[in-house]
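Nothing in this text is a laboratory measurement; each read-out follows from the coordinates by a stated rule. Just so it is clear, the model here is predicted, and its values are computed rather than measured. Positions of Cβ are generated from backbone atoms using ideal geometry, with glycine treated the same way; all protein chains shown enter the neighbour counts.
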């Protein structure tokens, strides 16, 4: 099976700033992949590159086995729900469905109709008068009814209230179960993705920090709590991801394939959110060894 | 794609079609009387015109001049720019239609609708004005001929070329600037500049002009240009057909070389009374002109004969369409490559 998205040394520069650099990734098909990172980490850039809205400055990207947006057939394979879910404010919901039907050869009329029906909205209503949640649902319906192989969602729930957020993800998950499609969605709120993703990619400062299957990541990461000590004498197979020290106590997040044998540690299971956060806090120099002087842990947006 | 383009355009299109229809109805009601007048005799046209006719004549010129510019600014400039501003390009560029086809369809449908509307408008105005174009009244002056810059751009097929150009210009500026309002303002500015530059520097040479040497007399005299002291500095003459567009007008001495008016002309003109009302044949400056002619002075005139109206129209329309084609090519390239 080909990868949903495969990139090789992909980079994108806006004037002087690199929004994404040296990104080599394989996002598997048939999965729900969460793209996590702070605002400005390069999530949108990566997804827009995948949708073909942007062109790479360096490297290559292949989506469903082809270069993004090269022709109508390639466009038909990829659905894209853009950030803030733009719709034509002056056109009605019915017009948007007609737009989808006219512009997509694989359009699923009944799917679109039933999704809009479930929203309980008047099809004659102009989309400019819809709430953010309703507009996001409409954009999702448009993306799904196109019957793409891969559906990309760029911060689909960022502007939604918690209730609309939950409902949106619910609809998305149902659709994934029904339609057998690959999904890549981004968010700066990890807890949103925790419920829906089986694969995760973490972007920090325009670079890929972590990529992998959620289950495997959870299996190989542990939180160790014990009396205060330095991390120098840790076993070789235990890679320290993050460390916190108080006067008496040390808390580590380590990555290891094997079991933790030292009895002075209390080993606890990590949640995806804590795992991702510990990677995001990690100074860039520790991981890449480039020593670019970034040390302070970047502050993460406070979750609601 | 055509459906979407039409869905986005239809409200504006309806407005313009309504306005054009209203104008056409007014012209259709008042036009036949002018045709009757002209058939009765060109000399009488002027004396029996009402002030409404005059107003309509000038209104026709203004409307045909303004509509292409307005369509370029209000339909062309926001075509891509508004999508970029609202972010809807991210919706529409991810349907199963390439950007190139999206833009080509939008350009084609929009320019076609605009060109049809302006074509109909220009046809109506051209038909209505035909009896008046170039008409000369004995006492009250004349209407401009169809080839003069005043009327040429508001007659025939040229306005269609202008419209296509204005729309493509608007779309291109909108795509490059990404702001509707800025693009609209700049579209108007650039369009006006082009419409000033073309009649001044391009149109006279689109079709080779005719050169003629004309005798100076009271019959042929068109105007006398005064110098600082109020004396005559130079004179211009007109050709027999008032529809001709005179591009250059200069006095030749007896040896056939361009020359200034002789010094005695000032004294001769100064002797004539300032005001005079009466037939041309009895004008007090006539002796001055007769003396000028007898000393061998003639007037060389470079002009586009009224008969060149259609060749010049077609050449200018082709010029604008070619410019539109180049701009559209650039716009397509820009949208495909540079917009992201």
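Taking the C-alpha atoms only, the angle from helix B:2-40 to the longest principal axis of chain B is near 20 degrees. For chain B, the 222 nm mean residue ellipticity estimated from helices alone, with every DSSP H stretch of n ≥ 4 adding -39500 (n - 2.57) and the total spread over all residues, rounds to -19000 deg cm²/dmol. In the elastic network of chain B, a GNM with C-alpha springs shorter than 10 Å, the most mobile of B:127, B:201, B:245 is B:201.
What does the C-alpha gyration tensor say about the overall shape of region A:82-191? Classify as rounded when a/c is under 1.5, otherwise prolate if a/b is larger than b/c, or oblate. Oblate, because a/c is 1.5 or more while a/b does not exceed b/c.
For chain B, the longest principal axis of the alpha carbon atoms and the long axis of helix B:180-197 meet at an angle near 30°. Across region B:101-255, Cα pairs under 8 Å and at least six residues apart give a relative contact order of 22 percent. Relative to the first principal axis of the alpha-carbon coordinates of chain A, what is the inclination of helix A:109-119, with its axis defined by its Cα atoms, in degrees from 0 to 90 and to the nearest 10? It works out to around 70 degrees. First check a/c for region A:156-218, with a ≥ b ≥ c the square roots of the eigenvalues of its C-alpha gyration tensor; if it is under 1.5, answer rounded, and if not, answer prolate when a/b is larger than b/c or oblate otherwise. Note, shape of region A:156-218 comes out oblate. Averaging Cα coordinates gives a centre for region B:166-182 and one for region A:124-189; these two points are 32 Å apart.
Mind jotting down a quarter of the surface of the convex hull over the alpha carbons of chain B, in square nanometres, one decimal? List each step's numbers first, then the result.
On the way: hull surface 82.9 nm².
Orientation-averaged projected area of the Cα hull: 20.7 nm².
Remark: the Cα gyration tensor places region A:1-44 in the oblate category, a/c being 1.5 or greater and a/b not exceeding b/c. The separation of region B:286-312 from region A:198-250, counted between C-alpha centres, amounts to 96 Å.
For peptide B:79-91, what's the mean number of Cβ atoms from other chains within 10 Å of each residue's Cβ?
Working: counts 0, 0, 0, 1, 2, 0, 0, 6, 6, 6, 3, 11, 13.
Mean number of neighbouring Cβ atoms from other chains: 4.
Over the C-alpha trace of the protein assembly as shown, radius of gyration and Dmax come out as 37.5, 129 angstrom.
Taking the alpha carbon gyration tensor of region B:210-306, what are the square roots of 5 times its eigenvalues, largest first, to the nearest whole Å? List each step's numbers first, then the result.
Values: eigenvalues 95, 53, 30 Å².
Those come to 22, 16, 12 Å.
With the contact rule set at Cα under 8 Å and sequence spacing of 6 or more, what percent relative contact order holds for chain B? Relative contact order here is 22 percent.
Relative contact order, percent, of region A:5-204 when contacts are C-alpha pairs under 8 Å separated by at least 6 residues? Mind dumping the intermediate values first?
Working: 371 pairs, mean separation 60.1, N = 200.
Taking the mean separation of contacting Cα pairs over the length of region A:5-204, I get 30 percent.
When both region A:1-69 and region B:99-129 are represented by their alpha-carbon centers, they are found 42 Å apart.
Of all DSSP bridge pairs formed entirely within the protein assembly as shown, close to 75 percent run antiparallel.
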